[in-house]
Structures are given as structure tokens and as C-alpha cells.
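Student: Below: one structure in C-alpha cells.
Computed from the coordinates by the stated procedures, all read-outs in this text should not be read as laboratory data. Since this is a predicted model, take the numbers as computed values, not measurements. FYI the Cβ positions are ideal-geometry reconstructions off the backbone, even for glycines, and counts take in every protein chain you see.
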Amino acid sequence: MTRYQVAVHIVPRKGILDPQGKAVADALHTLGFGTVGDVRVGRHVVLDVEAADPDTATASVRTMCDKLLANPVTEDYHIAGVTSA
Amino acid sequence: MKFGIVTFPGSNCDDDAYFAVTEALGASAVRLWHKDHDLQGADVIILPGGFSYGDYLRAGAIARFSPIMREVIAHAERGGPVIGICNGFQIACEAHLLPGALLRNDSLQFRSQMVTLRVENADTLFTNQYTAGQLLRIPIAHGDGRFAIEPEGLERLEAEGLVVFRYADSQGRITETANPNGSLDNIAGIINARGNVIGLMPHPERAMDALFGSRDGFGFFESVLARVAA
């Protein structure tokens, strides 16, 4: 068994109003970053997981996302990276 | 007939709920700790307001896995009444006792104020002492109260009369300015299809006496008492 560090991005689903993202986008526009379009603010979660291999570590984190880390009604997630811890 | 009021770490309206059903309503109640595995014979469970587990991750997400919730979910599955108020509504959604989710208010501000609610469905276990269209003055106090659900889910709620309360103006009109948090269709409270689980962001337990500025929450608990005790 090896310890892996698995990182997950969780963001509000497209089409769901994200007032935080909108406030950030407005502030960026005020600062002159006119190239910025849509902004969504989410969470970045880094988990230290023991597993036989990276795929198993990723699969277990996906299950954790489905059960707890993300809300399937309003959020999407994707695995941002897996490295040996 | 006995109410059971759950206290999670971070609950802060458990005392208000206890006062509402005991001193104001005159019913009996038992306090339940989140680590309990037993509902102690309670007939109606109240998941109170507050900030369980500091609202970490998402409001209600962690409380949903508290030991007591296993019993609360089983109670709901047997048809037992469950009331989720504010944080309790968020917990009930996270526990899939109710559809949808509660997101950050569109204003990004915590809203603590009196609101007007319009009773949309007066034929439920929790609203039978009201009349359809009746306007209630009930306080809200939340930062994450924006009700969201996928379009098919919303259609179902509306078609089946599962929207119980809506934010309205003083004339009973459902307007954008009367909506304190950006909830879809001004939804303030919903009930499940079976009719035994209700969730609402406003606090009827804080509107039990004229001293509180409103007594309009009384009918909510009186409704439950009328049905369950009968």
C-alpha cells in the first residue's frame, strides 16, 4: 500500500447562479481585466489516501465526492491530480 | 404526542424550538443529542436552525452523517413527521429527505429580518391551521437560503403542490424584491411527496408570541399537534 495525495476541484455547476463568482468577475472587470468572462468559485480539496495504486486512490476519492465532498444537485467535481505522498 | 429536538454541535435554535413546543404550545418534548442512537419515543422530530459543524464543506453536509440521523431517516421512512427549520432544512436536503439544495444567498449577505410568507398549501400535516393564501410574518436568519433544484425537480414540486411557503410582499404578491435570498420561484419551504417531511428557511419557532413581534408561527406547530395527537 502506498499513500497518495489526491486533489479534487469542486465547482458550482454551470447554469447555477454563482454570486461569489459573479462578484469576483465584477471586481476583475473593475481592475481592467476585460478579458475575463464567466468566473466560478469552488473548493479545492487535497486528500491523503492509502491505496494499492493511483487508480484505486482516485476511485475511492470519487466515491467520497459522490457521498460527501460534492453536492450532486448543484456541484461538479473533477480529480485535479494524483501524486505519491 | 412528543416532539424530539436534535442538537448538533453548532445548533443554536434548539432552545427556541424547545420553548416553542413546550412553553408556548404546551406539548411535551425531549432533547436528542447528535450522538444518540435512539429517538426516545419522539413522534415528531425537529432538526433546528444553527450552524451545525460550522457549516464546513456545505451547510448541513456533515450533520447529515451524525449518528442520530440514521434514526431520523428511518423514522421519516416509516412515515414519521420530520421538521427541518433553516439549518435543519439544509440537513434534510443533504440527507435526501427533501429534494434540492440550499445555496449562498444571491446577495452574498447574511439576512436577518422579518419576512412575509404566503401559505401555498394549507392541506399538510404542518399547515392545516392556516388557510391557502394566508400571509404570515415570520423571521429569517440565514446566509445560505437560496433554494435550488434541477428544472424537472422544480416542475414536480410546483405540479404536485409541494411548495408550502413562498416569500411574498405585504400584498401577497410573489415578487423579486420580496425574495430575500434568490430562491427559485420565491420558495421558502417545501414538503416531500409523502407529506411527512417539511423543510423551511424561516423560523416559525421564533414567532410564537406577540412579544417576539409575531405569533404567526404558532399555527405551524399547532397543525402538527392537531394531526398527530388525533
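Student: Among B:Phe126, B:Phe3, B:Leu184, pick out the residue whose Cα is farthest towards the positive end of the charge dipole of chain B, where Lys and Arg carry +1 and Asp and Glu carry -1 on C-beta, about the Cα centre.
Tutor: Looking along the dipole axis, the top candidate is B:Phe3.
Student: Shifting gears a bit: Which value, in debye to the nearest 20, describes the size of the charge dipole of the stretch A:2-84 about its Cα centre when Lys and Arg Cβ atoms bear +1, Asp and Glu Cβ atoms bear -1, and nothing else is charged?
Tutor: So the dipole magnitude of the stretch A:2-84 works out to roughly 180 debye.
Student: Using the crude model of +1 on Lys and Arg Cβ and -1 on Asp and Glu Cβ, and no other charge, please compute the dipole size for the protein assembly as shown relative to its Cα centre, in debye to 20.
Tutor: 180 debye
Student: How compact is the stretch B:75-230 by the rule of thumb for globular proteins, expressed as Cα Rg over 2.2 N^0.38 Å?
Tutor: For the stretch B:75-230, the normalised Cα radius of gyration comes out at 0.95.
Student: Distance from the Cα centre of the stretch B:80-96 to that of the stretch B:196-221, in angstrom?
Tutor: The distance from the Cα centre of the stretch B:80-96 to that of the stretch B:196-221 comes to 16 Å.
Student: Against the longest principal axis of chain A, how steep is helix A:19-30, in degrees 0 to 90 to the nearest 10, with axes from Cα atoms?
Tutor: Tilt of helix A:19-30: around 50 degrees.
Student: At a 10 Å Cβ-Cβ cut-off, how would you order B:Met69, B:Met114, fewest neighbours first?
Tutor: Exposure proxy ranking, most exposed first: B:Met114, B:Met69.
Student: Still on this structure: How far is helix A:54-64 tilted off the main Cα axis of chain A, in degrees rounded to 10, range 0 to 90?
Tutor: Rounded to the nearest ten degrees, it is 60.
Student: Please give every one of the lysines within straight-line cross-link reach of B:Lys35, meaning a C-alpha to C-alpha distance under 22 Å, and leave out same-chain neighbours fewer than 8 residues apart.
Tutor: Reachable lysines: A:Lys67, B:Lys2.
Student: Related question: Based on alpha-carbon centroids, what's the gap between the stretch B:28-57 and the stretch A:25-85 in Å, whole number please?
Tutor: 31 Å
Student: Using only the Cα atoms of the stretch B:1-70, build the gyration tensor, take square roots of its eigenvalues as a ≥ b ≥ c, and label the shape rounded, prolate or oblate: rounded if a/c is under 1.5, else prolate if a/b is larger than b/c, else oblate.
Tutor: Verdict is oblate for the stretch B:1-70.
Student: How high is the FRET efficiency between A:Thr83 and B:Lys2 when r is their beta carbon distance and R₀ equals 45 Å, given to the nearest 0.05?
Tutor: In this case the efficiency is close to 0.25.
Student: From the square roots a ≥ b ≥ c of the eigenvalues of the alpha-carbon gyration tensor of the protein assembly as shown, which class results: rounded (a/c under 1.5), prolate (a/b over b/c), or oblate?
Tutor: It is oblate, given that a/c is not under 1.5 and a/b is not larger than b/c.
Student: When only alpha-carbon atoms are used, what values of Rg and Dmax, in angstrom, describe the stretch A:2-84?
Tutor: Rg then Dmax for the stretch A:2-84, in Å: 15.7, 49.
Student: Quick one: putting +1 on the C-beta of Lys and Arg, -1 on the C-beta of Asp and Glu, what dipole do you get for chain B around its Cα centre, in Debye to the nearest 20?
Tutor: About 160 debye.
Student: Then there's this: May I ask you to list the lysines whose Cα is less than 17 Å away from that of A:Lys14, ignoring any residue fewer than eight positions away on the same chain?
Tutor: Reachable lysines: A:Lys22.
Student: Another question about this same structure. Quick check on the stretch B:11-168: take the gyration tensor over C-alpha atoms, sort the square-rooted eigenvalues as a ≥ b ≥ c, and tell me if it's rounded (a/c under 1.5), prolate or oblate.
Tutor: It is rounded, given that a/c, with a ≥ b ≥ c, falls under 1.5.
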